[in-house]
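J.: Quick one: the structure is below, and I'll ask about it shortly.
The values are calculated or read from the model by the stated rules, or taken from the named source; none is laboratory data. As the structure is a computational prediction, the values presented were derived from the model and not from experiment. With ideal geometry, Cβ positions are generated from the backbone for all residues, glycine too; neighbour counts draw on all protein chains shown.
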Amino acid sequence: MSDTIPPLTEKDGESKDLVAENVEKLKQLFPEIVTDGKVDFETLQEVLGEFKEESQERYSFTWNGKSKARKLAMTPSRGTLRPAPDESVNWDSTEHLFIEGDNLEVLKLLQRSYHGKVKMIYIDPPYNTGGDFIYRDDYKDNLKNYLRSTGQVDEEGKKLSSNPEYNGRYHTDWLNMMYPRLLLSRELLKDDGVIFISIDDNEVQNLKKLCDEVIGEDNFLNLISVKAKPSSGASGGGEDKRLKKNVEFLLCYTKDRNSFSKFNDVYEERNLFSFIEEYREEGKSWKYTRVLYSLGDKSYFTTVKDGSGNDIKIFKHEDVEFKTIKELADSDNITEEEAYIKYFDRVFRDTNAQSSIRQRVIEATDDKDTFYSIEYMPISGRNKGEITTLYYKGRNKDLIAWLSDVADKNNGELIKREKLGTLWDNFNWNNISKEGSIKYPNGKKPISFIRRMIELTSSESKDDIILDFFAGSGSTAHATIDLNEEDGGLRRSLSIQLPEIISKKDKKKYYSDEELKHIETVADVFKERLIRSFKKYERQGKNLGFKVFKLDSTNIKPWEPNYDNLQASIEAVIENSKPDRAESDVLYEILLKYGLDLALPIEVKEIGGSKVFVAGSGALFICLAPNIDLNVVEGIAKLKEELEPELTRVVFRDSGFKDDMVKTNAVQILKQHGIEDVRSI
Amino acid sequence: MKQFPYAYLNIPEKCLIDKRVYKKLFFENAKLTVTDKKWFTKDIDTIHWAYSVKPSATLIPALKEKHYSYDEIAVIEVELKNDDHSKRLADIIHRAIPYPLLISFKGADWVRLSVADKRFNLADNQAATLDEYWVTDRLYADAANKVDDAFLKQMDYDRQPRLNVKRFYKGWIEAFISYNTALITGVYSLPDSQELKQKQVEALNKYRKLEQEITDLRTKLKKREAFNEQVKLNVDIKKLEKQLMQTAKQL
């Protein structure tokens, strides 16, 4: 190890360089094509010869601005995330994160720390209906653009650049907005992670093509149809000419089909009796109306063989009794519903579904009105490998199908369960404005809707990271916390939201109450909503909360020489942090640079009179104080020995030492205590 | 025999066998790998069958169960030239002999004792399946260590239940469990109720499990090169260490 502290370079002011990584990946796969750090495309062509698309016409999805958009995603960010503990809840203990800023820049900054760590992404992006706010990225300096533009909005709430339908590049602008964000967010997904995107018919086709391109057609899972509230506000614009929309979509991809095993089993549940009522209202005949009251006397009849040569034992039953639910309700003097509950295990219907087993039973028995049961071991299906009993009745030997196979009795209530398919139609959209106790004009999704997605993809350990980078009022974070409350999970929500300024009109309409007066931006709505929702939850204790971070320019001053006043420029670089930034700002920038979690445990200690941050249970010591003397260094070494971490890195400010002698000795002292990894910023 | 550790064990003279057992017997009957054979040959000097705790000598009845019969307990003395692989040797010897065993590995001025919980392997009538086995640290004859002294006193023949051979052996196993607990807490105590004994076993198992998890994470950390992954592992290790300390308090 060297005796000097390696200095910070300009590159350290940037986030992860994805292009360089791609070159590195190619180098691993095809070492022969990377020469001197550059890719030799001719050799690449030779290596992949027969896969080259030759013709000019090709199956591809492209639009004006696509390469620029891709480049935008690849350009490292020159920003950082500044902590805002005063706006947070339970800053020290919670692991939920809320980041205010342009999601594109934020996604770039999160690449190192959260690459391959996110289990589920849900986003509800602008549907591009004509009146949405499409945030315009600036290819030259996106960060400056963000900082400048989040202040500007007009009276009517028409944001900086809405995307009206008559805009010639209507779809293009939407695509250029979505493309880089999808590229970057895909990098954060675990290999078996899943992304869900809400969208409606305006852009569903383009979105599917976009995802096929960014995530891969093979990784498409489902396109789910969601029955939504009928779209309101259909005046003008030709909307009255058309049918009212009451369906939207949920597009679903996994990062890697080979790593994704399956969705968890999730069932739609409804009260059985309301299900039966609806069934009858639709004019359908509800058939589970009889009870197998008594199986009578059972006696062995014969044994036959099934298709694989295994035994089917057949038993004859005499004096079997059937009653209808109505009869039992009358004789027991209870309601029909109560009768269903009382005799739940024996309620049945006949089916005359053809099966080879049934055929054999028919052949082995008779065509009189008799009753037989069989015992056998099925080689496939639900009861595979287990000894199963089936019952056959009547002249046609109809199979008895039990109500308990399609419904459950839970705490005295009867529930009809159906495995989830791709039509989701039983969410209650009418009360969502009340959810989270705060209104949100841009449309919330019900938390039960998002909860379902989390249930479908939840890992067994229930500690997944769930990302929403169009967080809005915070339904995803709310849904995460809600599910954690119910199943004791430790899932973490990671939310990103642009602090869009709320129009005067909306502010007057929704946020004029005394307690809501402080709300200026959408980000404020998020925070207020979550705070209000926390009151309901008891189990999660200090985990309940969120850490707020805000996108801003890097703390580390880049080399921006002013040639008219070079002297001043040089002096500025010596003091290389921006003066208005607190030490904690620089701390978090360092954490991001090192790819560490923003919720890493951090203790603030005073050592030798200077503030020292101890992160990761002693793995990282950061001291950004000025005028550090050897007492501080000794103190750090001592603390390290107390904590006994498995590894240690110590970071100082380059200009933080009292003098050069201290700086040199510091390295020696730390080395003596087994600390070799010392850096400066 | 009044030499160490038999003075503590206090087994009646009627049970004395004191016969030489040849290593050849193990080579023929036990399933030994090449390494096992090497260690067996190099590390062991001689093997003696010291005592047999059996009904005819002790009036403690035998017990026959579905999978295992507790007819007698053999006390085997193994004189060692080399102590490096004693744990593995204990494993081999317990498996090879289908009786409950107390093995005494003898060094210059110390012994290591070992017992095992085993079942008869139903498929293979000769071999036994080991559920768990225990080997103590070196116990010195002068027993200056309080824990060792308490443990050895607990191993006294007179302190074990005499209902049947199985219960007797179980008494020895419980002494071993308390010994293992004492290695962590520093105090030897034998819980008196069945419930407390169960709790002690559970806490001990949890402790061992946490220790293993911590070791696994440490190995993982050494393999990882990325700083951020190492930091995460450090945080996880520290969390487990905290749990370990809390579990130790329960012991």
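J.: Can you tell me which residues in segment B:1-36 are of a type in the set (Asp, Glu) and touching a strand residue (DSSP E or B) at 6+ places or on another chain (Cβ under 7 Å)?
T.: B:18
J.: Could you check segment A:60-93 and list, in sequence order, the residues that are over 22 Å from residue A:529 (Cα atoms) and in a loop (DSSP other than H, G, I, E, B)?
T.: Hits for segment A:60-93 are A:60, A:61, A:62, A:63, A:64, A:65, A:75, A:76, A:77, A:78.
J.: Tell me the strands (runs of 3 or more DSSP E) entirely within segment A:367-458 that contain at least 3 residues that are surrounded by fewer than 14 Cβ atoms within 10 Å (Cβ to Cβ) and touching a residue at least 60 places away in the same chain (Cβ under 8 Å).
T.: Strands (runs of 3 or more DSSP E) meeting the threshold: A:413-419.
J.: Considering only residues that are more than 20 Å from the chain's Cα centre (by Cα) and of a type in the set (Gly, Ala, Ser), look in segment B:24-68 and name the one that is nearest to residue B:165 (Cα to Cα).
T.: Only one residue tops the list, namely B:62.
J.: Mind listing whichever residues of segment A:279-293 are within 47 Å of the chain's Cα centre (by Cα) and assigned to a strand (DSSP E or B)?
T.: The answer is A:290, A:291.
J.: Output yes when any residue across segment A:294-308 is at pLDDT 90 or above, of a type in the set (Asp, Glu), closer than 16 Å to residue A:389 by Cβ and not in a strand (DSSP E or B), and no when none is.
T.: So far as segment A:294-308 goes, no, none of its residues is at pLDDT 90 or above, of a type in the set (Asp, Glu), closer than 16 Å to residue A:389 by Cβ and not in a strand (DSSP E or B).
J.: Which residues, taken from segment A:659-676, are surrounded by 14 or more Cβ atoms within 10 Å (Cβ to Cβ) and either within 18 Å of residue A:609 (Cβ to Cβ) or free of Cβ contacts under 8 Å to residues at least 40 places away in the same chain (or both)?
T.: A:662, A:663, A:665, A:666, A:669, A:670, A:673, A:675
J.: Then there's this: Specify which of the listed residues (A:496, A:466, A:481) is surrounded by 23 or more Cβ atoms within 10 Å (Cβ to Cβ), of a type outside the set (Gly, Ala, Ser) and over 15 Å from residue A:118 (Cβ atoms).
T.: None of the other options fit; the residue is A:481.
J.: Is it the case that residue A:523 is in contact with a Pro (Cβ under 8 Å, 6 or more places away or on another chain), under 18 Å from residue A:91 (Cβ atoms) and buried (at least 23 other Cβ atoms within 10 Å of the Cβ)?
T.: yes
J.: Does segment B:190-198 include one or more residues that are assigned to a helix (DSSP H, G or I) and in contact with a helix residue (DSSP H, G or I) (Cβ under 8 Å, 6 or more places away or on another chain)?
T.: yes
J.: Take the conditions without any contact (Cβ under 8 Å) to a residue 60 or more places away in the chain and either surrounded by fewer than 13 Cβ atoms within 10 Å (Cβ to Cβ) or closer than 20 Å to residue A:398 by Cα (or both) and apply them to residue A:308. Does it pass? Steps first, answer last, please.
T.: Details: without any contact (Cβ under 8 Å) to a residue 60 or more places away in the chain: no; either surrounded by fewer than 13 Cβ atoms within 10 Å (Cβ to Cβ) or closer than 20 Å to residue A:398 by Cα (or both): yes.
Criteria not met by residue A:308.
J.: Taking residue B:232, is it at pLDDT 90 or above, within 14 Å of another protein chain (Cβ to nearest Cβ) and surrounded by 15 or more Cβ atoms within 10 Å (Cβ to Cβ)?
T.: yes
J.: Out of B:88, B:162, report the one residue that is basic (Lys, Arg) and in a helix (DSSP H, G or I).
T.: Residue meeting the stated conditions: B:88.
J.: Which residue out of B:176, B:227, B:168 is buried (at least 16 other Cβ atoms within 10 Å of the Cβ) and at the interface with chain A (Cβ under 10 Å from one of its Cβ atoms)?
T.: B:227
J.: Any idea which of B:206, B:222, B:249 is of a type in the set (Lys, Arg) and either within 13 Å of chain A (Cβ to nearest Cβ) or under 29 Å from residue A:677 (Cβ atoms) (or both)?
T.: The unique qualifying residue is B:222.
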